[in-house]
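Every read-out reported here was derived from the displayed coordinates using simple, explicitly stated rules and does not represent laboratory data. If you're wondering where the values come from, they're calculated on a predicted model, not measured in any experiment. Cβ placement follows ideal geometry from the backbone for every residue including glycine, while neighbour counts extend to all protein chains displayed.
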Amino acid sequence: MAEVLQPPDYLSASSMTTFLQCPLKFKFSRIDRIKEPATEPMILGSFVHEILEEFYKASADERTFDTARSIGRDLWDSKWAKEADEVGVRDINQFRWKAWWCIENLFTLEDPQQMNLAGVETKVDDTINGVRVLGFVDRYLHDDDGNVVAADYKTGKVPLPKWSADKVFQIMVYVLMLEQMLEQPVVSGEIIYLKEGKVVAYEPTQKRRSETIQTITSVRKEVEDSCEAGAFQTKPSRLCDWCHYKPICPAWAK
Ligand code: SF4
């Protein structure tokens, strides 16, 4: 008989999208805790996020190119040069340029000195329809009418609409979590694509809200059922070619 497994205490937006992509991949990552090695795009994203987190903690009049550059340089020296080396980044100059382009593009989207962010890297930890969800919202602010706007930074390309379902789901999870925490309605969930200098905004319509709650609820139930059965299904797709667990995946056993 298969061993009953212990479901994780909480889910995150990204772990739920992993489950939706492939339940077995979720198991390898979240239950067996087999760590996926960091990749160059992952550390580029983390490096840029950290620069922006520090940058927006500075007072408004300090938010200049020079400040961003100096924060980037310090973080590079203290942490990210080593990370890039460990991941095996071959062209360090190009890697640093890619990070800097993201920061420069932010300045084309907004004037940082005029931005009045109400929260940066805000931890949200609450239940949605009885499911504990934990995450960090990159930033949120109040618009001119006092309404809350949540936003998430991305350093990858803007996906085609037909491939954007996981991004919409993630930002809607943050919208719902922030609303509960602030006890104020969130009127927009924005994804700021720094690499291309574009913002895609999603209105939290009733349809999107109920679909998100439904997805969270059904993922939790399926995780629990799979743990109870001690078995997680494979879901082979073209994404398997980028899956770290492919060498140990039964769907690809020779
Ligand atoms: S290789 Fe494909 S089927 Fe196997 S765990 Fe990864 S995503 Fe799932």
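Per-structure values
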| quantity | calculated |
| --- | --- |
| Under 14 Å between alpha carbons - lysine pairs in segment 114-212 that sit 8 or more apart or on different chains | 6 |
| Spatially proximal aspartates and glutamates relative to K82 (Cα-Cα < 13 Å; intrachain offsets below 8 disregarded) | E40, D74 |
| Between 0 and 90°, nearest 10: helix 165-182 axis offset from the chain longest Cα axis | 70 degrees |
| Karplus (6.51, -1.76, 1.60) ³J(HN,Hα), θ = phi - 60°, over segment 242-251, in Hz, Gly and Pro reported as x | 9, 8, 4, 8, 3, x, 10, 7, x, 5 |
| Farthest positive-ward along the chain dipole, Cα basis, beta-carbon charges - from N116, Y174, S164 | S164 |
| Vicinal HN-Hα couplings computed from phi for segment 187-195 (Karplus, 6.51 cos²θ - 1.76 cosθ + 1.60; Hz; Gly/Pro x) | 9, 7, x, 9, 10, 9, 8, 5, 4 |
| Eligible aspartates and glutamates near K246 by straight Cα distance, threshold 17 Å, same-chain separation 8 or greater | D32, E36 |
| Quarter of the Cα convex hull surface for segment 114-212, i.e. its orientation-mean projected area (nm²) | 6.6 nm² |
| Per principal axis, descending, Cα span of the chain in whole Å | 64, 46, 31 |
| Amide hydrogen neighbours beyond the local backbone of E36, cut-off 5 Å, H modeled | none |
| For the chain, size of Cβ-based charge dipole, Lys and Arg +1, Asp and Glu -1, in debye | 1200 debye |
| Sites matching trypsin sites (Lys or Arg not before Pro) across segment 45-99 that sit in DSSP coil, with at most 10 neighbouring C-beta atoms within 10 Å | R90 |
| Alpha carbon centroid spacing (whole Å) that separates segment 189-203 from segment 206-254 | 27 Å |
